[in-house]
Amino acid sequence: MVKQTERSDWQRCVDFHGHECGGLTIGYKAAQYAIKLLELTFSDDEQVVCIAENDSCSVDAIQVLLGCSMGKGNLLFHITGKQAFSFYNRTSGRSVRLSLRPRPDSMSREESFAYYQSKEPEELFLVGEKNLYPDDMKVKRALDTAAVFYPDFDRSYAESLAKQFELPLN
């Protein structure tokens with residue numbers, strides 16, 4: 001039997017997911033690109049956060065390659081139906097949003113799989129910096145978001161500061 005560390009990253013993703021498909025390839029390429037852009041490694045704890053905008057096959061590859069999971073709280077879903085993923089490196093504070101470019105029309109399932117397999121991540125995704133705190137964000141939502149991204153976040157202290165500065169918490 002081949003040890004897990006000796007298997008290719010792609011094969012580990014396939015084994016976890018159960019089969020090869022275009023969706024798994026999208027997640028695999030997104031994770032590869034995030035690793036390159038943000039200098040990520042496998043997240044043993046909660047150093048890497050992924051916010052997936054879909055709940056497709058792609059998410060399985062992200063779990064395998066980056067160690068993001070629902071149980072650790074560093075895999076979050078904000079379902080928009082888009083093949084888009086925001087990655088955040090808690091160690092460096094850097095983040096990126098990867099959004100899948102449209103593929104050519106009228107492809108069969110097999111052609112789509114071959115298309116995604118043949119492309120480099122840079123060819124597949126639009127890259128944008130993700131602003132975690134939009135200008136119109138409410139204080140409560142900002143505190144909720146901070147609690148997700150910073151494990152040592154002291155919410156009670158943050159709420160006391162909000163009250164001190166008369167910021168509404170609703």
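Worth pointing out:
- Heavy-atom surface analysis with a 1.4 Å probe gives region 1-76 a carbon and sulfur content of 51 percent of its accessible area.
- R0 of 30 Å, Cβ-Cβ distance residue 55-residue 144: FRET efficiency to nearest 0.05: 0.90
- Counting charges near residue 48 (Lys, Arg +1; Asp, Glu -1) among other residues having Cβ under 12 Å from its Cβ returns a value of -1.
- Shape analysis of the chain yields a ratio of the Cα radius of gyration to the Kirkwood radius, Rg/Rh, of 1.04.
- Isolated Cys residues of the chain, judged by Cβ distance under 4.7 Å to other cysteines: 13, 21, 57
- Remark: the chain carries 59 Å² of accessible area per residue (probe radius 1.4 Å; ligands, DNA and RNA excluded).
- If only the Cβ of Lys and Arg carry +1 and only the Cβ of Asp and Glu carry -1, the dipole of the chain around its Cα centre is close to 140 debye.
- Model label sites at residue 157 and residue 110, defined 7 Å from Cα along the beta-carbon direction, differ in position by 6.0 nm.
- With K and R counted +1 and D and E -1, the other residues having a Cβ less than 10 Å from that of residue 101 yield a net charge of +1.
- Listed residues 142, 170, 156: farthest to the positive end of the dipole of the chain (Cβ charges): 170
- For the chain, the number of Lys pairs separated by eight or more positions or lying on different chains, with C-alpha atoms closer than 25 Å, is 21.
- For residue 112, the accessible surface of its heavy atoms amounts to roughly 20 Å² (probe 1.4 Å, protein chains only, rounded to the nearest 10).
The values are calculated or read from the model by the stated rules, or taken from the named source; none is laboratory data. Just so you know, these numbers come straight off a predicted model, no measurement behind them. Counting neighbours? That spans all protein chains shown, and the Cβs are built from the backbone with ideal geometry, glycine included. Note: areas computed on protein heavy atoms with side chains; ligands, DNA, RNA excluded. Shrake-Rupley method; radii C 1.70, N 1.55, O 1.52, S 1.80 Å.
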